[in-house]
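To start, the structure under review is shown below, and the notes come after it.
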């Protein structure tokens, strides 16, 4: 059985990746003509390895040297391929089940620093004020320059109750920020829900692990009970959701779709292409849906947003997503951990790859007025900015032109009710006060406006 993941590679408090059961097998049989050159290069590696063992200023551990070489080979491919030693692999398997130790942040590496993709809700990092886009420059006073991503991750992990001091460089601040964070066992509540007013269901997915889709179904059941038959729409919040398991993204999309393609993947060999289609049934029973996204919405989040957007099952609101359109497969290496390897690109139902481009919202709504300045300055903080990021193949020679997305067909005047940014002097966003969440408030406004439209027009708008 093959399980795949579309999560960020190498994370501090990470999410799971997919698993291919069975050892890695050689691929030389596919290219017999290249064996001589391959042997020559392997001899080069052996020569360098022996020279390091014999002449480095201090004794070198053979396993460390080989694992570093493997890590370099994989991380040199793209930002999301990596090697996991046995302990990292065990941690990853635990994370897939939705429980892990650490600070509670999704990270990648950029220009030698550790870059925060997003803090996970209700974790030590989130409570300490860590924000998406922060660059971690020091751990306990020591620079992260020269550390591999895995080394930095290992330092951030530790026993529950122990503290670590991290130094952050943040856009818009002149001085470094020092934070002391106490490690904890992270059991993120991947699905949160509540009623907005007494008529709009709000569901937030913080990641895609083995419990996400079942949690979504439970949320819908309870929201219907709480609303007492008065439910008028659903807000599905995928903001700062960094991704996770591909099969969970497919199931969440399927929950809102009754037919049609959800997502497809294309690998190096055409025969390895896969496609997933929706089954009959819509847990929202046709209620209008707004999906909230931002630059921290990545991977599995983008699969869901892209599927619902292409089928016009939901209105996508917020700002452009991260743009990670690749699939990682975790391949166990018996007795030696596993390797996470990028094996495919994924495509939305219309055939578009979002690799490096992201999902464009149907209705752009900025979280703050400061966001407008960043948009005007073309400031980016996404997949395309990562070193060695895969290219988007939508516009490559020979690639068929993609059909335009179907129009929204919203009733006249509905979009006019939505404001693009908060008013001057609006209260700053406080996660504990939903009334300060401008994007959420615009989503509920849109849903209530749609609910007031006569039913035939609402059906045309879906």
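We did not get these values from a lab; they are worked out from the coordinates using the rules stated. Just so it is clear, the structure is predicted and the values come from calculations on it, not from any experiment. Cβ placement follows ideal geometry from the backbone for every residue including glycine, while neighbour counts extend to all protein chains displayed.
On a C-alpha basis, how far is the centre of region 238-295 from the centre of region 110-136 in Å? Whole number, if you could?
Their Cα centres are 27 Å away from one another.
For residue 40 and residue 94, calculate 0.36 nm times their separation in residues minus their Cα-Cα distance, and state this gained length in nm to one decimal.
15.4 nm
What distance in nm separates the simple spin-label points at residue 54 and residue 273, each placed 7 Å from Cα in the Cβ direction?
Distance between label points: 5.2 nm.
Rounded to the nearest 500, what is the chain's calculated 222 nm mean residue ellipticity when only DSSP H runs of at least 4 contribute -39500 (n - 2.57) each, over all residues?
My calculation for the chain gives -8500 deg cm²/dmol from helical runs alone.
Per 10 Å bin, what is the whole-percent P(r) computed from every C-alpha pair distance within region 101-186?
Using 10 Å bins, I get a P(r) of 19, 58, 22, 1 for region 101-186.
Please list, by residue number, everything in region 212-236 whose backbone N is under 14 Å from a paramagnetic label point 7 Å out along Cα→Cβ of residue 285.
Inside the label zone: 220-234.
Taking 0.36 nm per residue of separation and subtracting the Cα-Cα distance, what length does fully extending residue 423 through residue 111 add?
That pair, residue 423 and residue 111, stretches by 108.7 nm at full extension.
Could I have the simple spin-label model distance between residue 214 and residue 131, label points 7 Å from Cα toward Cβ, reported in nm to one decimal?
Here the answer is 3.7 nm between the modelled labels.
Under the √(5λ) rule applied to the eigenvalues of the Cα gyration tensor, what semi-axes describe the equivalent ellipsoid of the chain? Give them in Å, descending.
Three semi-axes, in Å: 39, 27, 20.
For region 38-110, what is the convex hull volume of its Cα atoms per residue in Å³?
149 Å³
Using only the alpha carbons of region 229-291, what is the convex hull's orientation-averaged projected area in square nanometres?
Spelled out: convex hull of the Cα atoms, projected over all directions, averaged, 5.6 nm².
With equal scatterers on the alpha carbons only and no solvent term, can you work out the Debye log10 of I(q)/I(0) for region 278-380 at 0.11 1/Å?
-0.44
Order 59-67, 353-361, 102-110 from most to least packed using the mean count of other Cβ atoms within 10 Å.
Result, highest mean first: 102-110, 353-361, 59-67.
Starting from the Cα of residue 145, step 7 Å along the direction of its Cβ; do the same at residue 387; then give the gap between the two resulting points in nm.
1.3 nm
Which whole-number percent gives the relative contact order of the chain, counting Cα pairs below 8 Å spaced six or more residues apart?
Averaging sequence separation for qualifying contacts and normalising by length gives 16 percent for the chain.
If you count, for each residue, the other Cβ atoms within 10 Å and average over each peptide, how do 292-299, 75-82 line up from highest to lowest?
292-299, 75-82
Based on the Cβ-Cβ distance from residue 258 to residue 415, what FRET efficiency comes out when R0 is 25 Å, to the nearest 0.05?
Approximately 0.45, to the nearest 0.05.
Just want to confirm a number: the relative contact order over region 157-265, from Cα pairs under 8 angstrom separated by 6+ residues, in percent.
21 percent
May I ask you to compute the full-extension gain from residue 364 to residue 192, defined as 0.36 nm times their residue separation minus their alpha-carbon distance, rounded to one decimal in nm?
Additional length available on full extension: 59.5 nm.
Run the numbers on region 101-186 and let me know its relative contact order in percent, using alpha-carbon pairs under 8 Å that are six or more apart.
33 percent
So if I take the centroid of the Cα atoms in region 298-313 and the same for region 137-172, what is the distance between those two points in Å?
Taking the Cα centre of region 137-172 as reference, the centre of region 298-313 is 33 Å away.
Can you figure out the FRET efficiency of residue 433 with residue 222, using R₀ = 25 Å and their beta-carbon distance, to the nearest 0.05?
It comes to 0.65.
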